[in-house]
Number of protein chains: 2
Amino acid sequence: MQPGGRLKIKDLLRSNSVGSEVTAKGWVRTKRGNKNVAFIALNDGSTINNIQVVVEVSNFNEELLKQITTGACLKVVGTLVESVGSGQSVEMLAKEIEIYGTADANTYPLQKKGHSLEFLREIAHLRPRTNTFGAVLRIRHAMAYAIHKYFNDRGFFYLHTPIITGSDAEGAGAMFQVTTLDLNNPPRTEDGKIDYTQDFFGKSTNLTVSGQLEGELGAMALSEIYTFGPTFRAENSNTPRHLAEFWMIEPEMAFYEIVDNMNLAEDFLKNLIQYALDNCMEDLEFLNKMYDEELIERLKFVVSNDFVRLPYTEAIDILMASGHKFEFPVSWGLDLQSEHERYLVEKHFMKPVILTDYPKEIKAFYMKQNPDGKTVRAMDVLFPKIGEIIGGSQREENYEKLMDRITELEIPEKDMWWYLDTRRFGTAPHSGFGLGFERLLLFVTGMGNIRDVIPFPRTPNTAEF
Amino acid sequence: MQPGGRLKIKDLLRSNSVGSEVTAKGWVRTKRGNKNVAFIALNDGSTINNIQVVVEVSNFNEELLKQITTGACLKVVGTLVESVGSGQSVEMLAKEIEIYGTADANTYPLQKKGHSLEFLREIAHLRPRTNTFGAVLRIRHAMAYAIHKYFNDRGFFYLHTPIITGSDAEGAGAMFQVTTLDLNNPPRTEDGKIDYTQDFFGKSTNLTVSGQLEGELGAMALSEIYTFGPTFRAENSNTPRHLAEFWMIEPEMAFYEIVDNMNLAEDFLKNLIQYALDNCMEDLEFLNKMYDEELIERLKFVVSNDFVRLPYTEAIDILMASGHKFEFPVSWGLDLQSEHERYLVEKHFMKPVILTDYPKEIKAFYMKQNPDGKTVRAMDVLFPKIGEIIGGSQREENYEKLMDRITELEIPEKDMWWYLDTRRFGTAPHSGFGLGFERLLLFVTGMGNIRDVIPFPRTPNTAEF
């Protein structure tokens with residue numbers, strides 16, 4: 001029972017208290033009917049389903065009923081009765097209706113008719129009131145909760161890595177600068193440069209692109225940690241796959257070799273998708289019907305099949321022997337493009353694929369070097385429709401080998417002293433990976449544009465709301 | 001069972017498989033002994049307790065044993081045996097020892113002796129390896145998980161509100177600017193001002209100070225939501241209670257009046273503290289012994305007593321009649337200082353207090369106005385030792401009343417159109433509050449400085465790691 005004696009519509013629809021008086025509160029999706037009886041579809045966001053409120057017109061004030069239009073917010077007290085025609089098992093026979101807030105039919109943007117996803121992005125403050133975004137946001141919640149539950153159940157500790165960072169050591173992408181300096185008239189040093197000693201942190205700072213390096217510090221003390229926080233890329237990429245601000249999950253585990261890392265990633269993804277199937281089926285069915293008719297089938301397929309595990313070198317052989325005409329070239333040493341990844345997953349293996357042992361030149365400095373001197377213990381998990389959903393690796397735990405790469409790549413050692421300390425003092429084999437939360441949601445919801453799986457997307461020229 | 005057949009030390013210490021061969025991996029806390037037998041205390045972060053590894057010196061290479069010093073990382077295979085002297089019920093009789101990483105005794109900063117919290121802040125990359133920070137970080141994890149579980153169990157949806165924001169509507173504090181402009185030579189408009197149309201988002205942007213306003217958008221569609229994310233204040237406050245980057249939890253609920261909001265806040269806090277008592281007792285006992293000998297007593301007291309609920313006006317009367325000499329003045333219309341809050345909680349009522357109905361002038365524009373024309377339906381939850389731990393209110397749902405305050409306070413309407421839309425279209429009574437996560441952790445851990453309850457604190461002139 002909610003405050004004010006309210007029952008959530010999700011609970012009302014499951015209730016077997018037919019005949020009893022109940023209270024519902026929510027927003028009008030539609031009103032239809034005739035001069036004798038009106039039918040109001042009421043939704044409160046607890047479920048994609050509406051409760052039908054049946055109104056005997058003669059029992060209510062005409063002016064009140066006129067104000068009940070799409071978008072209005074109501075309190076309804078009434079009797080729960082068995083339903084014949086509403087599509088649900090029960091409906092409400094209204095006794096009292098109170099209007100909390102009206103929604104002028106001439107100006108309220110979310111009228112009954114369908115709206116394009118592009119238009120709904122412009123009213124991101126209202127789109128959670130639609131079936132589509134209600135479903136997406138409920139699934140988003142369920143996936144976030146499933147992630148925390150998965151790691152908590154296994155003894156991982158949630159580590160909050162910093163958002164504002166003083167170093168760009170990971171080099172994962174272009175960064176946003178964070179400052180309190182007056183841009184119109186910044187303090188300058190004698191030689192005319194910006195005087196960052198006067199900035200808030202006494203030096204130049206940026207928004208984080210990854211919590212991994214700090215995550216490793218946690219793993220080297222607590223054994224198994226994970227991060228789940230916002231990360232940022234200042235890249236001018238206006239694509240359906242890129243956001244300037246997105247959420248990332250990065251587990252990091254001491255004593256895990258690359259195979260353990262792969263096992264965890266596969267089990268983790270399957271667990272999350274199974275959680276969605278177990279807990280979000282009504283929302284998935286809606287999305288399956290409206291956006292992607294293979295969605296549920298695809299989710300079930302992923303949880304019930306082993307992922308293929310394949311070295312990069314063999315993947316290159318497969319792609320070169322395929323005879324398929326790709327837009328981007330395929331040859332050993334080049335990074336794989338989305339088209340190559342999707343060919344392997346969707347055409348060749350017809351299964352998720354974990355690619356391993358990439359050439360060291362196309363991967364980050366911290367990945368564990370293989371004895372061949374050419375490849376590193378990287379692993380990318382490739383999914384149908386999405387391409388890369390997880391990227392990870394075993395980490396180089398050997399101080400000298402790590403230093404060699406840092407020197408080769410001319411990474412400033414002054415930014416790395418604390419990271420290097422983990423290899424100086426009690427180093428251990430360890431591994432980890434990163435999962436882009438919105439990439440996961442694209443897969444689980446079947447939506448096609450990443451702007452539609454986050455409440456308030458940030459992209460070039462867009463930071464509204 | 002962990003990868004490589006490892007058992008976590010937490011599980012080893014609870015195991016009743018005495019006599020069987022087990023594998024432990026972790027970091028050496030101490031080594032002591034004599035020429036015949038060595039005792040190694042090994043910790044892997046899964047628990048504050050160490051497992052004692054007993055080493056028959058004659059069975060091992062002398063050089064290997066020499067390298068086992070505080071901070072070294074080991075794999076130990078051995079027999080689990082009943083313990084007589086280690087303080088735990090079981091210990092390990094070592095058969096094989098592998099050193100993953102040494103820790104040079106001359107340079108490793110975390111030697112056996114105690115270290116000041118100030119010193120440990122300078123090596124925040126290593127401090128999770130200490131008893132104190134292991135305990136704090138495990139409790140931090142447990143509290144984060146308890147928060148997600150609490151809301152998930154009650155049908156709240158986790159909403160990710162934006163970190164980068166284009167408006168400073170809430171006015172909660174000084175903001176950090178986020179930019180990709182070249183500070184050395186920023187583009188300028190014809191009249192010499194910074195040309196923000198050329199910035200990444202096409203306008204000036206900042207880091208969020210609160211997700212509340214966007215949270216309200218979610219509540220007006222999904223009924224009950226909560227945020228849990230980083231928030232920022234660019235205030236030059238070098239105190240034990242302030243961070244520039246901290247985490248906040250902000251639930252927002254449609255159809256909640258102020259009393260429902262108070263009920264939720266009280267139940268929520270008690271639930272979290274009970275979760276800590278149920279799940280973190282070993283860590284709490286350590287902190288109770290080392291830092292705050294009233295800690296556990298205080299936690300138990302809070303969960304087992306009703307919070308006092310009191311209007312601000314009555315609180316002022318109590319403070320003025322108290323005869324107590326305060327540093328800051330007390331009179332109706334002035335905000336309460338920490339000393340006043342703590343007097344009410346610690347001296348007068350000896351219980352947590354929820355203060356309500358503050359003068360509107362000292363509270364935010366969005367709080368619901370009382371009929372008296374002077375006060376608003378604010379509520380602050382005051383805790384012993386901490387002062388304000390939660391601040392919240394019922395929100396003004398009436399469009400005209402809200403607009404009046406916005407006009408009075410000269411808040412730019414152009415930044416607020418989307419917020420105002422919630423009052424234009426289907427408005428409803430609603431309420432919410434904010435809990436500073438690190439404030440909660442100060443209370444639950446008994447630590448005295450907020451820099452010691454977050455892994456990597458950001459404060460003026462400090463953004464290391």
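The values are calculated or read from the model by the stated rules, or taken from the named source; none is laboratory data. Since this is a predicted model, take the numbers as computed values, not measurements. With ideal geometry, Cβ positions are generated from the backbone for all residues, glycine too; neighbour counts draw on all protein chains shown.
The table below lists the values:
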read-out	value
Which numbered condition A:GLY192 fails, given (1) out of contact with any helix residue (DSSP H, G or I) (no Cβ under 7 Å at 6 or more places or on another chain); (2) crowded, with 16+ Cβ neighbours inside 10 Å	(2)
Residues of the range B:335-366 classified as outside any loop (DSSP other than H, G, I, E, B), out of contact with any Gly (no Cβ under 7 Å at 6 or more places or on another chain) and within 18 Å of B:ARG309 (Cα to Cα), total	14
Test: residue in the range B:80-103 that is touching an Asp or Glu at 6+ places or on another chain (Cβ under 8 Å), surrounded by fewer than 19 Cβ atoms within 10 Å (Cβ to Cβ), away from chain A (no Cβ under 11 Å) and among the β-branched types (Val, Ile, Thr)	yes
Extreme residue, nearest to B:ARG405 (Cα to Cα), among residues of the range B:133-190 that are facing chain A (nearest Cβ under 8 Å) and in a strand (DSSP E or B)	B:THR165
Within the range A:199-313, strands (runs of 3 or more DSSP E) holding 2 or more residues that are within 9 Å of chain B (Cβ to nearest Cβ) and either over 30 Å from B:ARG140 (Cα atoms) or among the hydrophobic types (A, V, I, L, M, F, W, C) (or both)	A:224-232, A:245-254
Failed item in (1) more than 27 Å from A:MET281 (Cβ to Cβ); (2) in a strand (DSSP E or B), with A:MET92 passing the rest	(1)
Tabulated pairs, the range B:58-77, first within 17 Å of B:ALA103 (Cα to Cα) and within 11 Å of chain A (Cβ to nearest Cβ), second basic (Lys, Arg) and in a loop (DSSP other than H, G, I, E, B), C-beta under 7 angstrom, 6+ apart or interchain	B:THR70/B:LYS112
A:PHE201 over 25 Å from A:GLY391 (Cα atoms) and crowded, with 22+ Cβ neighbours inside 10 Å	yes
Of residues in the range B:390-407 being touching a Pro at 6+ places or on another chain (Cβ under 9 Å) and part of a strand (DSSP E or B), the one nearest to A:THR102 (Cα to Cα)	B:ARG395
Lone qualifier among B:GLY387, B:GLY333, B:GLY373, B:GLY323 - being assigned by TED's automatic domain parsing to the domain that holds B:PHE443 and in contact with a Pro (Cβ under 9 Å, 6 or more places away or on another chain)	B:GLY333
Considering residues of the range A:82-104 that are more than 22 Å from B:PRO429 (Cβ to Cβ), under 34 Å from the mean Cα position of the chain (by Cα) and among the small types (Gly, Ala, Ser) only, the residue modelled with the lowest pLDDT	A:SER86
